[in-house]
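Presented below is the structure to which this report refers.
The values are calculated or read from the model by the stated rules, or taken from the named source; none is laboratory data. Note that the coordinates shown come from a computational prediction; the quantities given were computed from them, not determined experimentally. All Cβ positions, even for glycine, are placed from backbone atoms using ideal geometry, and neighbour counts span all protein chains on display. Side chains are part of the model used for accessible areas, which takes the heavy atoms of the whole protein and leaves out ligands, DNA and RNA. Shrake-Rupley method; radii C 1.70, N 1.55, O 1.52, S 1.80 Å.
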Amino acid sequence: MDVELIAVSAEDKLVLANLMQLYLHDFSELDARDLSAHGTFDYPWLDSYFTGSDREAYLIRIGARPAGFALARCDVEGDDGAWNVSEFFVVRRHRRRGVARDAARLLFQQHPGTWTLSYLHHNAPAARLWPAVAAAVSGGAVHRVEEHPPTVPAAKSRLRFEVLPSK
C-alpha cells in the first residue's frame, strides 16, 4: 500500500475541512468535545494553515483517495522553532495497517531536525504509535515529559526528538 503525503492546496481545503470533522468526531470520545449549534465541530485554527509560513497542512493519500491528514507547525511557544505535530488523523478503514506510521515518517522528513508532539495517555493507539515512530526516526534519544492532572485536564506525554535526513 503506497502512502503519500501531499501538501494541501487551496482547492483541497474543503477535503481537509471534511476530514477534520471525522477527526474531531472520533476525538470527542476522548475530550468530551461537543457539537456547535450548526451541528459541526469547531476547529478555529484551520485557516491559519493556509496563511502562515509557520504552519503546514498535508493530506494522507492512498492511491487517489484521501486517507487522513497531518497538520504541523513551528510556532509553539517554548519549542524554540521546533516543528510540532499539531493534529494527525487516519480514517478508520486504514488504521492498524501501517498507514499512520508511514505517513508520520513522511511528515518528519519534510523538516529534518527537532520535532515535538503530544498525546493523551488514554488515547491507546496514539500512545503506541508516537513513541515507536519517534524512536525509529530519531537520531538519538527521545525525550519524554509527562503531565498529569490537576496541572492538565488529562494525563499526557510530550515527546521531543531529532529527525535525521533520509538517506
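Kindly indicate whether residue 91 is open to solvent by less than 30 Å² (accessible area, probe 1.4 Å), of a type in the set (Val, Ile, Thr) and modelled with pLDDT of 95 or more. In short, yes. Residues in segment 138-154 that are in contact with a helix residue (DSSP H, G or I) (Cβ under 8 Å, 6 or more places away or on another chain) and aliphatic (A, V, I, L, M) were compared, and the one that is farthest from residue 31 (Cα to Cα) is 142.
Can you name the residue in segment 97-127 that is modelled with pLDDT under 95 and open to solvent by 70 Å² or more (accessible area, probe 1.4 Å) and is also farthest from residue 76 (Cα to Cα) among such residues? Looking at residues that are modelled with pLDDT under 95 and open to solvent by 70 Å² or more (accessible area, probe 1.4 Å), I get 97.
Note on segment 123-167: residues that are within 16 Å of residue 86 (Cα to Cα) and assigned to a strand (DSSP E or B) total 6. Which residues, taken from segment 132-145, are open to solvent by 30 Å² or more (accessible area, probe 1.4 Å) and not basic (Lys, Arg)? Matches in segment 132-145: 132, 135, 136, 139, 140, 141, 142, 143, 145. In a residue-by-residue description of segment 58-72, the property of being in contact (Cβ under 8 Å) with a residue 24 or more places away in the chain, of a type in the set (Gly, Ala, Ser) and touching a Lys or Arg at 6+ places or on another chain (Cβ under 8 Å) applies to at least one position. Take the conditions (1) modelled with pLDDT of 90 or more; (2) under 25 Å from residue 153 (Cβ atoms); (3) surrounded by fewer than 16 Cβ atoms within 10 Å (Cβ to Cβ); (4) out of contact with any Lys or Arg (no Cβ under 6 Å at 6 or more places or on another chain); residue 48 misses just one of them, which is (4). Pairing residues of segment 19-30 that are closer than 17 Å to residue 65 by Cα with residues that are surrounded by fewer than 16 Cβ atoms within 10 Å (Cβ to Cβ) and of a type in the set (D, E, K, R), at Cβ distances under 9 Å and at least 6 apart in sequence or on separate chains, gives 22/92. Per the listing 37, 7, 64, 72, the residue uniquely modelled with pLDDT of 95 or more and loosely packed, with under 12 Cβ neighbours inside 10 Å is 7. Within segment 128-144, the residues that satisfy the criterion of being touching a Leu at 6+ places or on another chain (Cβ under 8 Å) and at pLDDT below 95 are 137, 138, 139. Considered as a group, the residues in segment 146-163 that are out of contact with any Ser or Thr (no Cβ under 7 Å at 6 or more places or on another chain) and open to solvent by 50 Å² or more (accessible area, probe 1.4 Å) include one that is farthest from residue 104 (Cα to Cα), and that residue is 150.
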